[in-house]
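In what follows, a single structure is set out as structure tokens and then discussed.
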């Protein structure tokens, strides 16, 4: 199936081609025809599955620019609001569709001015409700999207959401997207949707098949060395490193800057202007490495992230899915790498079970393996370099005094001098044999605990029947 099959406007198809989308993701395949038919919808899908395009493309296809604000998208965070707004703008640019982003901490007057010119508003609940209650804006969108509903519930926005819908027209098409469906979200769906069609992306599809997932077992004190070695070896074009806490982000950012890397960082304590500047710098290529807490896992949409590194394994499986969903986007391949200690191997097993995927255990490359990789990359680079007239002229001028073999050796040595010297000890982390032994030991322990638990439950059940 291709996007052409949806019979979208030619300008939209052109935008999709320019962005680089190849074929619809599962949620897009099912949701786009449903939305185009005019039905309300519940989409149960994880971040990174292409939800923005799933609702954005059909809505933009049906928007009437002359109506002013024709669509409203409500999201939980400022970062997600900016990302969704950017993506919708890219889809609708050729059709003249304008977007306005609304969130707290920014100028009221500027946001109100942009709303007056917009066709789509992307907003966080607090600021949107403030504008509606104060009557600074009055809108009658035909399309309303509630994105990441369960996240808004977790952040305490449920009452605000219900209040916002009091200001919206009853004659509307409403779409709800949520990774999970707790009872309160189900009740909200009954309240705000009209006979919705439900589309669920199954557990097997929760992690993108274009993402290779690997883990490396190291000691706690080896994390920094392992991270640098893997970045040197993988040579990512653009990568995100996730940490659990803000202080880890600050420390790692300072450390990697001191090692010569161009890095930017993002966490919850940063001012809004700082956040926006940091995200723009990463998207534009001013920095290659982005170090962040989970605040950036939701909504950070950069299509050319080749690698995601989990400096620490996340606290739960949902966070893992959100983190690695930053790579392998728009049909491109991606790689997710997680550093764990031997004590954290149980968490790897839990993530595999919850997410329904397999993480591959790997060994951190040795210094010699990194040298061999650099030699191979150099040979490939030389073999694939196009000969230019300037290069020919340089060699001709050198040949008067130096033989051709020496010229080649000198040029190769110059390239080598430009490379960063190898850091760290020869070997880092556990060997494959040690990892396999630990994994096997962990599995036996888990099976033993399960059997013991079953015997204890059986014993208690027997006593209970006797008492009754």
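The values are calculated or read from the model by the stated rules, or taken from the named source; none is laboratory data. What you are looking at is a predicted structure, and each value in this text was computed from that prediction instead of being measured. Cβ coordinates were reconstructed from backbone atoms using ideal geometry, including for glycine residues, and neighbour counts include every protein chain displayed.
Brief remarks follow.
- Residue match in segment 346-359 (condition: touching a strand residue (DSSP E or B) at 6+ places or on another chain (Cβ under 8 Å) and either without any contact (Cβ under 8 Å) to a residue 40 or more places away in the chain or at positive phi (or both)): yes
- Test: residue in segment 71-87 that is over 22 Å from the mean Cα position of the chain (by Cα) and either modelled with pLDDT of 95 or more or not in a loop (DSSP other than H, G, I, E, B) (or both): yes
- Being farther than 30 Å from residue 106 by Cα and free of Cβ contacts under 8 Å to residues at least 12 places away in the same chain is not true of residue 251.
- The condition of being surrounded by fewer than 19 Cβ atoms within 10 Å (Cβ to Cβ) and assigned to a loop (DSSP other than H, G, I, E, B) does not hold for residue 66.
- Being within 26 Å of residue 312 (Cα to Cα) and either in a helix (DSSP H, G or I) or modelled with pLDDT under 80 (or both) holds for only one residue in 339, 345, and it is 345.
- Here the condition is being over 20 Å from the mean Cα position of the chain (by Cα) and buried (at least 20 other Cβ atoms within 10 Å of the Cβ); of 233, 216, 255, it holds for 216 alone.
- Scanning segment 137-156 for residues that are over 27 Å from residue 67 (Cα atoms) and out of contact with any strand residue (DSSP E or B) (no Cβ under 9 Å at 6 or more places or on another chain) returns 154, 155, 156.
- Selection over segment 157-204 of residues that are part of a helix (DSSP H, G or I) and either within 25 Å of the chain's Cα centre (by Cα) or buried (at least 16 other Cβ atoms within 10 Å of the Cβ) (or both) gives a count of 11.
- Annotation: of all residues in segment 12-25 being in contact (Cβ under 8 Å) with a residue 40 or more places away in the chain and crowded, with 17+ Cβ neighbours inside 10 Å, the one that is nearest to residue 62 (Cα to Cα) is 12.
- Search result, residues across segment 104-118 that are in contact with a strand residue (DSSP E or B) (Cβ under 7 Å, 6 or more places away or on another chain) and either in contact (Cβ under 8 Å) with a residue 24 or more places away in the chain or more than 20 Å from residue 75 (Cα to Cα) (or both): 115, 118
- Unmet requirement for residue 167, which otherwise passes all of (1) in contact with a helix residue (DSSP H, G or I) (Cβ under 7 Å, 6 or more places away or on another chain); (2) free of Cβ contacts under 8 Å to residues at least 40 places away in the same chain; (3) over 30 Å from residue 119 (Cβ atoms): (3)
- Members of segment 138-156 found to be touching a residue at least 40 places away in the same chain (Cβ under 8 Å), assigned to a loop (DSSP other than H, G, I, E, B) and over 23 Å from the mean Cα position of the chain (by Cα), listed by number: 139, 140, 141, 142
- Residue check: residue 305 meets all listed conditions (1) touching a residue at least 24 places away in the same chain (Cβ under 8 Å); (2) touching a helix residue (DSSP H, G or I) at 6+ places or on another chain (Cβ under 8 Å); (3) assigned to a loop (DSSP other than H, G, I, E, B) but one, namely (2).
- Taken together, the residues in segment 366-416 that are in a helix (DSSP H, G or I) and either within 26 Å of residue 230 (Cα to Cα) or in the same structural domain as residue 233 (by TED's automatic domain parsing) (or both) amount to 22.
- Identity of the residue in segment 358-393, surrounded by 13 or more Cβ atoms within 10 Å (Cβ to Cβ) and at pLDDT below 85, that ends up nearest to the chain's Cα centre (by Cα): 374
- Residue pairs meeting the criteria (Cβ under 9 Å; at least 6 apart or on separate chains; first in the same structural domain as residue 257 (by TED's automatic domain parsing) and in contact (Cβ under 8 Å) with a residue 60 or more places away in the chain, in segment 278-291; second surrounded by fewer than 21 Cβ atoms within 10 Å (Cβ to Cβ) and outside any helix (DSSP H, G or I)): 279/264; 279/302
Each row is one residue, and each column tells you yes or no for (1) loosely packed, with under 15 Cβ neighbours inside 10 Å; (2) over 26 Å from residue 200 (Cα atoms).
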| position | (1), (2) |
| --- | --- |
| 75 | no, no |
| 81 | no, no |
| 113 | yes, yes |
| 127 | no, yes |
| 136 | yes, yes |
| 146 | no, no |
| 152 | no, no |
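- Exactly one residue among 270, 286 is closer than 18 Å to residue 303 by Cβ and more than 18 Å from the chain's Cα centre (by Cα), and that residue is 286.
- Selection within segment 314-331 - surrounded by fewer than 16 Cβ atoms within 10 Å (Cβ to Cβ) and touching a residue at least 40 places away in the same chain (Cβ under 8 Å): 315, 331
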